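**Q** First the structure, which I've put down as structure tokens, then a few questions once you've had a look.
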Amino acid sequence: MKDFLAISDYSSEEIQDLLDLAVKLKKEYFKKGNKKIFKGKVLGMIFQKPSLRTRVSFDMAMRHCGGDALYLSPNEIGLGKRESIADVARVLSGYVQILMARVFDHEHVLQLAQWSEIPVINGLSDYNHPCQAMADALTVIEKFGKKSKGLNVSYVGDGNNVTTSLMHVSAQLGWNFTAATPEGYDPNPKAVQIAEEIAAKTGSRLTFLRDPHEAVKGAHVIYTDTWTSMGQEEEAAKREQVFPPYQVNAKLVSEADKDVIVMHCLPAHRNHELTDEVADGPHSVIFQQAHNRLHAQKAILARLLGAA
Ligand code: CP
Ligand code: NVA
């Protein structure tokens with residue numbers, strides 16, 4: 001595969017292979033530092049939206065392995081405004097060896113991949129967030145072991161880009177995926193259809209509910225995300241009215257499996273979708289998750305660059 005645009009573009013075996021490589025690169029990093037497998041390689045990072053984790057973890061992933069990264073801010077290139085996406089892709093293909101893009105419209109990252117001669121990684125779009133899901137899967141495997149088939153993953157809140165990729169990685173790895181979302185905020189129907197096709201092959205069970213309490217019964221993982229994603233700011237006030245019953249708080253966590261882990265891709269809006277008590281409590285793995293972006297992305301970069 002030339003690019004990394006969606007979890008569903010890869011087979012279960014390929015996803016597992018990336019996770020195995022991430023485990024290996026993480027071990028290597030903490031033992032003696034990573035080998036300089038990205039020497040002479042530069043990652044161009046196009047951002048149409050703000051970022052902490054994606055920007056820093058990709059930059060550091062390149063540096064740890066002897067490569068470099070170049071940050072291109074929203075104001076600099078004006079993707080599709082100052083210059084067409086096709087032209088940006090073809091110009092950058094001559095300057096850097098690999099691209100990562102965070103865009104508003106998923107179509108734009110697809111166009112970048114179509115026109116660039118170098119690999120393109122999706123660093124979040126309005127449709128999905130595949131790098132996040134790889135770090136999440138790495139975190140789940142670290143907690144529950146590689147033989148994690150049949151695990152119950154429950155997503156509570158807004159059916160958004162993070163939900164799409166989490167649902168797809170769960171289906172790929174044979175985890176049962178449940179989403180509890182309010183009416184009007186369901187996971188993307190196209191993404192659900194793709195998940196169902198994957199689940200039919202792997203034996204994963206997919207369930208879509210309204211009731212968060214029903215959704216977390218027997219859950220090994222509870223996952224939530226912001227109620228208002230980047231680009232939806234004008235809906236924030238309305239969403240603050242709709243979502244409070246979906247808050248992940250101590251009461252909801254107590255209704256899940258006793259060893260449940262609580263996940264959030266961050267940034268968290270504390271005491272909105274996730275209480276301080278839970279975010280900083282014994283079930284939370286939110287910082288391990290954030291740190292695993294580094295290792296999961298090293299594996300993605302390594303495979304796309306043919307460096308491992
Ligand atoms: N989770 C995540 O992608 O964080 P950033 O928006 O800070 O990159
Ligand atoms: N759903 C969130 C994720 C941020 C990492 C957003 O798109 O803003």
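**Q** Could you tell me whether region 167-176 includes any residue that is more than 18 Å from Leu18 (Cβ to Cβ) and either within 14 Å of ligand 1 (Cβ to nearest atom) or open to solvent by 10 Å² or more (accessible area, probe 1.4 Å) (or both)?
**A** Yes, region 167-176 contains a residue that is more than 18 Å from Leu18 (Cβ to Cβ) and either within 14 Å of ligand 1 (Cβ to nearest atom) or open to solvent by 10 Å² or more (accessible area, probe 1.4 Å) (or both).
**Q** Next question, about the same structure. Can you pull out the residues in region 102-132 that are open to solvent by 10 Å² or more (accessible area, probe 1.4 Å), more than 24 Å from Lys41 (Cβ to Cβ) and assigned to a loop (DSSP other than H, G, I, E, B)?
**A** Residues satisfying the conditions are Phe104, Asp105, Asp126, Tyr127.
**Q** I would also like to ask the following. For the structure I just gave you, tell me whether Asp225 is acidic (Asp, Glu), in contact (Cβ under 8 Å) with a residue 60 or more places away in the chain and touching a helix residue (DSSP H, G or I) at 6+ places or on another chain (Cβ under 7 Å).
**A** yes
**Q** Answer yes or no: is there a residue in region 99-108 that is acidic (Asp, Glu) and free of Cβ contacts under 8 Å to residues at least 24 places away in the same chain.
**A** Checked region 99-108: at least one residue is acidic (Asp, Glu) and free of Cβ contacts under 8 Å to residues at least 24 places away in the same chain.
**Q** On the given criteria, is Ile37 modelled with pLDDT of 95 or more, of a type in the set (Val, Ile, Thr), more than 16 Å from ligand 1 (Cβ to nearest atom) and in contact with a Cys (Cβ under 6 Å, 6 or more places away or on another chain)?
**A** yes
**Q** Sticking with this one: Take the residues in region 54-71 that are surrounded by 20 or more Cβ atoms within 10 Å (Cβ to Cβ) and within 16 Å of ligand 1 (Cβ to nearest atom), then tell me which one is nearest to the chain's Cα centre (by Cα).
**A** Thr54
**Q** Just to be sure I understand, how many residues within region 183-198 are open to solvent by less than 10 Å² (accessible area, probe 1.4 Å) and more than 15 Å from the chain's Cα centre (by Cα)?
**A** 1
**Q** Could I ask something else about it? Given the options Thr163, Thr139, name the one that is closer than 21 Å to Pro212 by Cα, within 14 Å of ligand 1 (Cβ to nearest atom), under 14 Å from the mean Cα position of the chain (by Cα) and not in a loop (DSSP other than H, G, I, E, B).
**A** Thr163
**Q** From the residues in region 261-282 that are closer than 22 Å to Gly218 by Cβ and under 20 Å from the mean Cα position of the chain (by Cα), which one is nearest to ligand 1 (Cβ to nearest atom)?
**A** That would be His264.
**Q** Here's something else I'd like to know. Can you name the residue in region 267-303 that is closer than 14 Å to Leu252 by Cα and part of a helix (DSSP H, G or I) and, of all such residues, is farthest from ligand 2 (Cβ to nearest atom)?
**A** Glu277
**Q** Taking the options Arg205, Arg210, name whichever one is open to solvent by 50 Å² or more (accessible area, probe 1.4 Å) and touching a strand residue (DSSP E or B) at 6+ places or on another chain (Cβ under 6 Å).
**A** Unique residue meeting the criteria: Arg205.
**Q** On the given criteria, is Asn160 within 14 Å of ligand 2 (Cβ to nearest atom) and in contact with a Pro (Cβ under 9 Å, 6 or more places away or on another chain)?
**A** The answer is yes for Asn160.
The values are calculated or read from the model by the stated rules, or taken from the named source; none is laboratory data. Just so we're clear, the structure is a prediction, and the values are computed from it rather than from any experiment. Quick reminder, even Gly has a Cβ in these numbers, built from the backbone with ideal geometry, and neighbours come from all protein chains shown. Just so you know, the surface numbers come from the protein's heavy atoms only, side chains and all, with ligands and any DNA or RNA stripped out. Shrake-Rupley method; radii C 1.70, N 1.55, O 1.52, S 1.80 Å.
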